[in-house]
Amino acid sequence: MSAPAPGGPHEFGAGGQRPISLVRASGEYLWDDAGRRYVDLGATHGVGNLGGSPPDVVRAIERQAHELLYLGSGYRSPVRTEFLGKLLGLLPPSFDRVFLSNSGTEAVETALKIARGSTGRREIVAAMRGFHGRTLGALSATWRKELREPFEPLVPGFRHVPFNDAAALEAAVTDATAMILLEPVQGEGGVHVATPEFLAAARAAADRTGALLAFDEVQTGIGRTGRLFAFERWGIVPDVLLLAKSLAGGVPIGATVTRRDLEARFRGSHHSTFGGNPLACAAGIAALEMTLRDHLPERAERLGAIARSRLAELPPSRVREVRGLGLLIGIELRDRAAPVLAELERRGFLAIPAGPSVVRLLPPLVIQEAGWDRALEAIGEVIGRG
Ligand SMILES: Cc1ncc(COP(=O)(O)O)c(C=O)c1O
């Protein structure tokens, strides 16, 4: 990774950018403005499950743009109805309502309001190392001190328990809890996979107290972890499911998936001007169809298993642990991740960190086997040589 530079001209608060200007993408490849090709091992933190500019999604956007580019949620829209029907058709029948917005953070904010509005309670229980976004509500659920402290006081009523500590979670959830908010795999926090016991304890605590259970699958959703939705692996169904990133194949979208009975008790209004716009919905339909047609969750499972067995051979003197599910993989080093990321970039592979010592791999799920093999080879050489 080249040394982080300030943001491009006129960009506010965009420090830490890599000084590469990327101009084109296809499949797992990205090209810079000098024509150099890179393999994308970060997929914009999980947006690019379908790879760069997937042709089916591009065609759907083109068609929709010619017909109807924008429409607020105050009117019915066949393309929105079709998208929501498709999405709900992939989920357990307890889910029958969706609020569409434009980002993961907005999906989280919506869930917080649904929880407080429908339960009349104020407290939210989240996990240490969790990441849920950076607006004031979502930031209150996010753990990292350096992200939170400059903006305090945040929204009151948030508590954090150690991730995967079922007893601490059970103790924290009371009759005052509106919602338990968890990532099934913590992405930004270092790629930590929830234990079945922890998720089962969360479900039981929510049932015992009447709190809602929300899974933030903004990063784990839509095939990334080897299932369409990570929660399917454990069969523990939340009351609220948060999706974004890859849901519309690269077009901004956020979705808060929930139930009709919560809508009936939801006091207050919520609205998003661009939420559910026709462009995002048309892209979403194409993205879901491609995900199913090309069996991308199964691909993620298979390519993830190959990676884990290859990465297990890395020397323990360099690697503390390899974690993850499907194609969301964290390699925790005994040293800093930055020099490894820099050397990978020099060799044409763009990976991202998850904390100071974790190299995170989340390539497009469409990555070709030969390309994945070359990436793992390079990672092995770079980490292995110490
Ligand atoms: C689990 C999780 N939740 C929420 C967010 C925030 O999403 P967005 O950046 O689209 O607002 C992220 C972003 O990385 C995330 O990983």
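The table below gives the values:
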quantity	calculated
Rounded Å value of the spacing that divides the Cα centres of the stretch 216-292 and the stretch 155-171	25 Å
Dipole magnitude of the stretch 247-331 about its Cα centre (Cβ charges: Lys, Arg +1; Asp, Glu -1), debye to nearest 20	280 debye
Model label zone, THR135; criterion: amide N under 17 Å from point 7 Å along Cα-to-beta-carbon; scope the stretch 271-301	271-277
Of all accessible heavy-atom area on the stretch 275-353, the percent that carbon and sulfur account for (1.4 Å)	54 percent
Relative contact order of the stretch 1-71, defined on C-alpha pairs under 8 angstrom at six or more residues apart (%)	20 percent
About the Cα centre, charge dipole magnitude for the chain (Lys/Arg +1, Asp/Glu -1 at Cβ), debye	220 debye
Net length gained if the chain between ARG18 and ARG144 were fully extended (0.36 nm per residue, minus Cα distance)	43.1 nm
Listed residues PRO252, ALA282, VAL173: farthest to the positive end of the dipole of the stretch 173-307 (Cβ charges)	ALA282
GNM top mover of TRP143, TRP372, TRP234 - the chain, alpha-carbon springs below 10 Å	TRP234
Amide H contacts of LEU213 (H built 1.01 Å from N, under 5 Å, at least 5 apart or other chain)	ILE180, ASP239, VAL240
Mean separation of Cα contacts under 8 Å (6+ apart) over length of the chain, as relative contact order %	23 percent
GNM flexibility winner over the chain from HIS132, HIS270, HIS45 (Cα, springs under 10 Å)	HIS270
Listed residues GLY89, GLY348, GLY52, most fluctuating in the chain (Gaussian network, C-alpha, under 10 Å)	GLY89
Dipole magnitude (debye, nearest 20) for the stretch 237-386, charges at Cβ of Lys, Arg, Asp, Glu	320 debye
Size descriptor, Kirkwood hydrodynamic radius, that averages inverse alpha-carbon separations across the chain, Å	21.4 Å
Sulfur and carbon atoms: percent of accessible area, the stretch 94-238 [1.4 Å]	54 percent
Nearby lysines by direct alpha-carbon distance to LYS86 (threshold 26 angstrom, same-chain neighbours under 8 apart not counted)	LYS113, LYS245
Using a Förster distance of 41 Å, the FRET efficiency for ILE306-ALA264 (Cβ separation, nearest 0.05)	0.30
Inter-centroid distance (Cα atoms) of the stretch 61-126 relative to the stretch 327-386, Å	34 Å
Extension gain from LEU314 to GLU11, taking 0.36 nm per residue of separation minus the Cα-Cα distance	105.1 nm
Rounded accessible area per residue of the stretch 245-386, 1.4 Å, Å²	41 Å²
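The values are calculated or read from the model by the stated rules, or taken from the named source; none is laboratory data. Every value quoted in this text rests on a predicted model; they were computed, and no experiment measured them. Please note: Cβ atoms are built from the backbone with ideal geometry, for glycine as well, and neighbour counts cover all protein chains shown. Heads up: the accessible areas ignore ligands, DNA and RNA and are worked out on the full protein's heavy atoms, side chains in. Shrake-Rupley method; radii C 1.70, N 1.55, O 1.52, S 1.80 Å.
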